[in-house]
Amino acid sequence: MDLEMRDRWLNRAQDRVAGAGLRAGAARSAVIELLAREGQCLLIVAELTQMLRSQPVGSAASVYRAVDELFELGLLHRLDGRDGVARYEIADPEHHHHHLVDEGTGDVVAFADQEFERAIHALAERLDVELTGHDVVLRGRRRS
Ligand SMILES: [Zn+2]
């Protein structure tokens with residue numbers, strides 16, 4: 001876990017939630033705390049509810065609702081798997097990575113690549129676009 005990323009995201013999340021006028025509910029607070037630590041790469045909501053089982057957060061529905069709200073506030077990235085299950089991770093403008101979906105096993109592997117980032121920024125230049133973000137998912141079969 002990246003501690004700086006955790007703290008940066010916690011601060012942003014708390015600011016944005018307060019700015020949206022949402023009250024500090026137990027479920028939302030617990031989900032935010034947990035996502036900051038465990039949501040640095042893709043997680044499914046069922047894993048979150050499992051990890052929160054010992055905490056008084058109410059129903060699984062309240063966990064799903066909290067995740068939806070955080071997503072709507074731009075605090076989470078979502079990857080919709082071909083298995084129909086949405087996976088989430090915290091959105092951090094200062095750190096990002098992409099994902100490779102192994103179509104042989106269904107595994108999702110995170111990767112970061114400077115050359116790839118440079119290529120995307122060069123493409124944005126050529127398209128005359130001021131880039132505000134990008135999401136890339138590679139699909140394939142790992143050879144090794
Ligand atoms: Zn990830």
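The values are calculated or read from the model by the stated rules, or taken from the named source; none is laboratory data. Predicted, not measured: the structure shown is a model, and the values here were computed from it. Quick reminder, even Gly has a Cβ in these numbers, built from the backbone with ideal geometry, and neighbours come from all protein chains shown. Heavy atoms of the whole protein, side chains included, go into the accessibility calculation; ligands, DNA and RNA do not. Shrake-Rupley method; radii C 1.70, N 1.55, O 1.52, S 1.80 Å.
Summary table
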quantity: In region 1-21, the residues that are outside any helix (DSSP H, G or I), within 17 Å of Leu73 (Cα to Cα) and open to solvent by 60 Å² or more (accessible area, probe 1.4 Å); calculated: Gly21
quantity: Members of region 25-81 that are within 24 Å of Leu3 (Cβ to Cβ), touching a helix residue (DSSP H, G or I) at 6+ places or on another chain (Cβ under 7 Å), more than 16 Å from the ligand (Cβ to nearest atom) and open to solvent by 20 Å² or more (accessible area, probe 1.4 Å); calculated: Arg28, Met51, Gln55, Leu73
quantity: Filter result for Ala86 (closer than 24 Å to Leu3 by Cα, small (Gly, Ala, Ser) and within 15 Å of the ligand (Cβ to nearest atom)); calculated: no
